[in-house]
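Here's the structure, in structure tokens; my notes come after.
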Amino acid sequence: MRTMRVLLQPIGDSNWQLMAWLAVKLPQYLPFVECQIAPKVASLPLSAITPKRQWLANVLLSHLVIPSGFDRVVGVTHVDLVIPPFNFVFGIAEINGKRAIISTARLIEHNSEITELRALKEVLHELGHTLGLAHCLNPKCVASFSNTLSDTDRKGPGFCSDCYQRLLNRWREESENTEKISRT
Ligand SMILES: [Zn+2]
Ligand SMILES: [Zn+2]
């Protein structure tokens, strides 16, 4: 099994301190992950803005580019994300895909450590979806659904042992398949 190369892509603005912290922390919870930060901020597509000045998460997601050599890209943005009919979303991901995006807009706390920890949980949660993980019913597991910030604060940042085992199996499967493809 090879490492999963994850690119953190700032969108619209950048909080390099947060990005650097995420890049260090992610592999502590997903040891098969290796994380890099995109050197250039991606722009916000104007087609994604709504009359309420939120941004359509699925449009932003579809604009994310996965550079060669990477297995996943996770967009990190400060703008508020939405998918109608919901009022907002903390983040979204392609299930069994390669792209995910999270927003820090609703995670901000005076204490930046709390903000960072929440962002880490959202990234881990969305990466789980890209590996096919569904929402976990264990409220302590980072794969459980967050409807509110108190849900986010209650869970994780770790995966429960069942979810972690699933993630590991999925990544093993995916990395072995891509190895086969590149050899033929
Ligand atoms: Zn989810
Ligand atoms: Zn779980």
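Bear in mind that the values in this text are calculations on the coordinates, not laboratory data. Note that this is a predicted model, so its numbers are computed, not measured. Glycine also receives a Cβ, built like all others from the backbone with ideal geometry; neighbour counts cover every protein chain displayed.
What the table below lists for this structure:
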{"quantity": "Criterion violated by Asp151 - all others in (1) more than 15 Å from Val33 (Cα to Cα); (2) in a loop (DSSP other than H, G, I, E, B); (3) of a type outside the set (A, V, I, L, M, F, W, C) satisfied", "calculated": "(2)"}
{"quantity": "Counted residues, region 151-166 - those being over 21 Å from Leu18 (Cβ atoms) and either more than 10 Å from ligand 2 (Cβ to nearest atom) or out of contact with any Gly (no Cβ under 9 Å at 6 or more places or on another chain) (or both)", "calculated": "5"}
{"quantity": "Unmet requirement for Val123, which otherwise passes all of (1) free of Cβ contacts under 8 Å to residues at least 60 places away in the same chain; (2) within 13 Å of ligand 1 (Cβ to nearest atom)", "calculated": "(1)"}
{"quantity": "Top-ranked residue in region 128-145 [being surrounded by fewer than 23 Cβ atoms within 10 Å (Cβ to Cβ) and within 11 Å of ligand 1 (Cβ to nearest atom); ranked as nearest to Ile66 (Cα to Cα)]", "calculated": "His129"}
{"quantity": "Some residue of region 18-30 being loosely packed, with under 15 Cβ neighbours inside 10 Å and either in a loop (DSSP other than H, G, I, E, B) or touching a residue at least 40 places away in the same chain (Cβ under 8 Å) (or both)", "calculated": "no"}
{"quantity": "In region 49-98, the residues that are touching an Asp or Glu at 6+ places or on another chain (Cβ under 6 Å), away from ligand 2 (no atom under 16 Å from the Cβ) and not in a loop (DSSP other than H, G, I, E, B)", "calculated": "Gly91"}
